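Here the structure is laid out as structure tokens; the discussion comes afterwards.
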Amino acid sequence: MNKDIAVIILAAGKGERMKSEIPKVMHKLCGRNMLAYVLDLAASLRPKKTVVVLGYKHELVAKSLPKNISAVVQKKLVGTADAVKEALTKLKDFQGTVLVLYGDTPLLKKESVDKLLKYHIENKVDATLLTAQMDKPAGYGRVLRDKLSSVSGVVEEKDADDFEKDIQEVNTGIICFNKLSLEAALKQVRPNNRKKEYYLTDTIKILYTEGKLVDGIKLGDLQEALGINSRVDLAKAGALMQQRINEKFMLDGVTIVDAGSTFISYGVKIGQDSVIYPFTAVESDVKIGKRCSIGPFAHLREGTRVADEATLGNFVETIRSKIGAKVFAKHFSYLGDASVGRKVNIGAGTVTANFDGRNKHSTVIKDNAMIGSDTILVAPVKIGKGAFTGAGAVVLNDVPENRKAVGVPARILKK
Ligand code: UD1
Ligand code: CA
């Protein structure tokens, strides 16, 4: 545990620019809400304490928090300085470095924050900003530097004049503070700006004017600084996060034929030498074994478990299903609430009719069964080992081991 560091995560905002009923930090990238990524980052720093500031629909957000995280509710969302003040009420006994992270900046990496913390602590700075150089820095606070090029303040875009707007060095929102300096500066923040908000970024000018040490270090990869304010930003950040996920799979031995059209959620597991073909979506809580072939155009949804060497081809959708080793389901199929044994062949157009309008029911298909094209398996139903269904069969009753069922509704053939 890093005893000298406490993390504050600001996540109270509604996110007006998202135009949403859902709190901004609950919007998802790659199947996971953006706050979860920031919480992971905070945990990776092993701080003494992490405090999350909640506001808009705080009950909803609080439910998603791990148990060891403390939360405070900011009563009125009057700005980032006020949010930090609220968080400090949970850090009364703490002395040391306070790191402020924003809940809407999920791409930030641990290495960058480590670098910031190291610089801040080693040089005994009062406030260190993580900054980024951007060609078109629209929407971000601009970093002001004095004649000696020391950081002297941050001006928000709304309050910036034309010269200040031309500044390309921006505040990423991530700031390290010496706790005592932060507390002293917060007392002096006033809402003298166009938004009439208490800006955390005003503490920089306040500390600078008092002769305190303020500084900034630049982020190497500016994509990490992407703050999500609108759904346009959400899509941009989602694409970057997807790229990270896909690259990790490729480096771990999974072939992704076209990473740009492959959508794999956070936390999915895929074994070595599996191949994922284009236009495939793999959602959260899916595990795929080794040497599988998935897609093109496959859709694997939550609770899907695919054993080694299975093939799920084009337009195959699965949910809450176990797919055994060496199963072939090569063409358009829906497998929901199904347990499919080893070496089963699922013919084109096979559908598990798992929903009766009220409840979901399961389908069990045992090893080596051969499901004919266009079979409808009306669940609950069991297909025995080595059993066979004819093309177009509508199976209402269980089919015993090694028997054949054909027709509508399917009747079991005498041997
Ligand atoms: C903020 C920074 C800006 C920086 C940018 C980086 C300030 C004043 N401005 O601007 O310099 O370039 O982030 O992305 O800090 N929040 C609260 N309570 C509030 C207001 C906001 O918890 O009362 C939270 C929001 O939920 C969000 C974060 O603080 O997670 C930042 O707020 P936001 O309104 O998105 O600030 P920006 O305008 O993006
Ligand atoms: Ca923001």
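Structure values in brief
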{"item": "The stretch 151-180 residues that are within 19 Å of residue 193 (Cα to Cα) and in the same structural domain as residue 96 (by TED's automatic domain parsing), paired with ones that are among the charged types (D, E, K, R) and in a helix (DSSP H, G or I) (beta carbon under 6 Å, 6 or more apart)", "result": "153/205; 155/164"}
{"item": "Residues located in the stretch 91-103, provided they are within 14 Å of ligand 1 (Cβ to nearest atom) and either assigned to a loop (DSSP other than H, G, I, E, B) or not assigned by TED's automatic domain parsing to the domain that holds residue 13 (or both)", "result": "103"}
{"item": "Single residue of the stretch 97-151 satisfying the filter (among the polar types (S, T, N, Q) and more than 16 Å from ligand 2 (Cβ to nearest atom)) that is surrounded by the fewest Cβ atoms within 10 Å (Cβ to Cβ)", "result": "149"}
{"item": "Qualifying positions in the stretch 204-230 - modelled with pLDDT of 95 or more, acidic (Asp, Glu) and outside any helix (DSSP H, G or I)", "result": "210, 215"}
{"item": "Residue, nearest to residue 139 (Cα to Cα), within the stretch 1-22, restricted to residues that are assigned to a loop (DSSP other than H, G, I, E, B) and away from ligand 2 (no atom under 13 Å from the Cβ)", "result": "19"}
{"item": "Inter-residue pairs, beta-carbon under 6 Å, first free of Cβ contacts under 8 Å to residues at least 24 places away in the same chain and in the stretch 201-227, second assigned to a helix (DSSP H, G or I), 6+ apart", "result": "206/185"}
{"item": "Residue that is modelled with pLDDT of 95 or more and in a strand (DSSP E or B), where the choices are 53, 25, 61", "result": "53"}
{"item": "Single residue of 273, 252 found to be on the phi > 0 side of the Ramachandran plot and of a type in the set (D, E, K, R)", "result": "273"}
{"item": "Qualifying positions in the stretch 128-149 - in a strand (DSSP E or B) and more than 12 Å from residue 173 (Cα to Cα)", "result": "133, 144, 145"}
{"item": "Residue, surrounded by the most Cβ atoms within 10 Å (Cβ to Cβ), within the stretch 170-187, restricted to residues that are more than 16 Å from ligand 2 (Cβ to nearest atom) and not hydrophobic (A, V, I, L, M, F, W, C)", "result": "178"}
{"item": "Subset of the stretch 304-322 that is touching a Cys at 6+ places or on another chain (Cβ under 9 Å) and free of Cβ contacts under 8 Å to residues at least 24 places away in the same chain - its residue that is farthest from residue 374 (Cα to Cα)", "result": "309"}
{"item": "Unique residue being in a helix (DSSP H, G or I), surrounded by fewer than 22 Cβ atoms within 10 Å (Cβ to Cβ) and at negative phi when the list is 42, 83, 71, 36", "result": "36"}
{"item": "Subset tally (residues that are β-branched (Val, Ile, Thr) and touching a helix residue (DSSP H, G or I) at 6+ places or on another chain (Cβ under 6 Å)) for the stretch 1-40", "result": "4"}
{"item": "Looking only at the stretch 104-153, and only at residues there that are more than 16 Å from residue 201 (Cα to Cα), of a type in the set (Gly, Ala, Ser) and within 16 Å of ligand 1 (Cβ to nearest atom), the one that is modelled with the highest pLDDT", "result": "112"}
{"item": "Test result for residue 295, at positive phi and not assigned by TED's automatic domain parsing to the domain that holds residue 108", "result": "yes"}
{"item": "Those residues of the stretch 70-92 which are closer than 17 Å to residue 4 by Cα and in contact with a Lys or Arg (Cβ under 9 Å, 6 or more places away or on another chain), in sequence order", "result": "88, 90, 91"}
{"item": "Unmet requirement for residue 89, which otherwise passes all of (1) within 26 Å of residue 187 (Cα to Cα); (2) within 16 Å of ligand 2 (Cβ to nearest atom); (3) surrounded by fewer than 16 Cβ atoms within 10 Å (Cβ to Cβ)", "result": "(2)"}
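The values are calculated or read from the model by the stated rules, or taken from the named source; none is laboratory data. All values reported here derive from a predicted model rather than from experimental measurement. Note: ideal-geometry Cβ built from the backbone for every residue, glycine included; neighbour counts use all protein chains shown.
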